[in-house]
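**Student:** First, the structure itself, so that you have it in front of you.
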Amino acid sequence: MKKMILVTSPPGCGKTRLSKRLASELPHVVYLDKDTLIPLSKQIFAVAGQPYDRSSDFFEKNIRDYEYEVILALGFEALAYDNTVLINAPFSREVRDAAYMKGLRDKLAAQGAKLVVIWIVTDPEVCHQRMIKRNSDRDTWKLTHWDEYIAGVDFSIPTTLGDPATSENLLLYYNSTDEMAEASLARILPLLQEDQ
C-alpha cells in the first residue's frame, strides 16, 4: 500500500539524520525536506524588507503555513508515481490538531495511501547542544533566546494519532543517545517495510 511518512519533532531532535537513513533503507521512496524551501523563504524576507527570522510574527503570518502546504502538495504529487513519500518537517502543531490530521488521512485514503507519523523523542538539552553544533542561521533567534524559545516548545508525544503502543499511525523514535537511536531504528524499520 502507498504511504506518506512524516518524520516529525521539534527542531534539533534529529529528523534529517533519521529521514535520510530511512530513505536509504526503504525501496521506492521519494524524500522531501521542508528545509529545501528555505531559499524561497529567505527571498520573501528580503523582498519584504524584513530581517531573516523564522521565529518572527512575519514568518508566522506570511511563510510558515505555506511551506507546509507546498511540501505536502509535492508529496501528494509524488505519490501518483511512487509507493512511498517521506517528508522531513517538524509538523509540531499539525500533529496535535486532530481535524488537520484527519483531513490529511482522508485525502491520502482517497489516493489509496495511508499516513504514518514518526515522532522523534529527544531530551531538550540534547537538542540545544545539536543546534549549537550545527551552527545554522535558522537557529540564531532560538539560541539567542533559548529560555524563551524552549518555554514555547512542546516535546511531549502527540496524542491525536492514538496510543503509540498500539497505533500503526504513530511510531516513536528515541534519539537522545546513539544507542537509543539504533534500537529505535531496529524496531520501526521492519514496521515500515511490512507492506512495501
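**Student:** Run the helix sum for the chain: -39,500 (n - 2.57) per DSSP H stretch of 4+ residues, divided by residue count, reported at 222 nm to the nearest 500 deg cm²/dmol.
**Tutor:** Dividing the helical sum by the residues of the chain leaves -13500 deg cm²/dmol.
**Student:** Going by alpha carbons, how many degrees (0 to 90, nearest 10) lie between the helix axis of 38-47 and the longest principal axis of the chain?
**Tutor:** Approximately 30 degrees, to the nearest ten.
**Student:** What is the set of long-range amide H partners of Val117 at a cut-off below 5 Å, with H atoms built 1.01 Å from backbone N?
**Tutor:** So Val117 has HN proximity to Leu6, Leu170, Leu171.
**Student:** For the chain, what number of Lys pairs, 8 or more residues apart or on separate chains, have alpha-carbon atoms under 13 Å from each other?
**Tutor:** 6
**Student:** Say R0 is 45 Å: what FRET efficiency, to the nearest 0.05, do Glu194 and Ile150 get from their beta-carbon distance? Mind showing how you got there, number by number?
**Tutor:** Values: r = 37 Å, r/R0 = 0.81.
Computed FRET efficiency for Glu194 and Ile150 comes out at 0.80.
**Student:** To test your reading of the geometry: what angle, between 0 and 90 degrees and rounded to tens, separates the Cα axis of helix 65-79 from the longest principal axis of the chain?
**Tutor:** The angle comes out at about 30 degrees.
**Student:** Using modelled amide H (1.01 Å from N, peptide plane; none on Pro or chain starts), what sits under 5 Å from the amide H of Asp33, excluding residues fewer than 5 places away?
**Tutor:** Amide H neighbours of Asp33: Asn88.
Bear in mind that the values in this text are calculations on the coordinates, not laboratory data. What you are looking at is a predicted structure, and each value in this text was computed from that prediction instead of being measured. Positions of Cβ are generated from backbone atoms using ideal geometry, with glycine treated the same way; all protein chains shown enter the neighbour counts.
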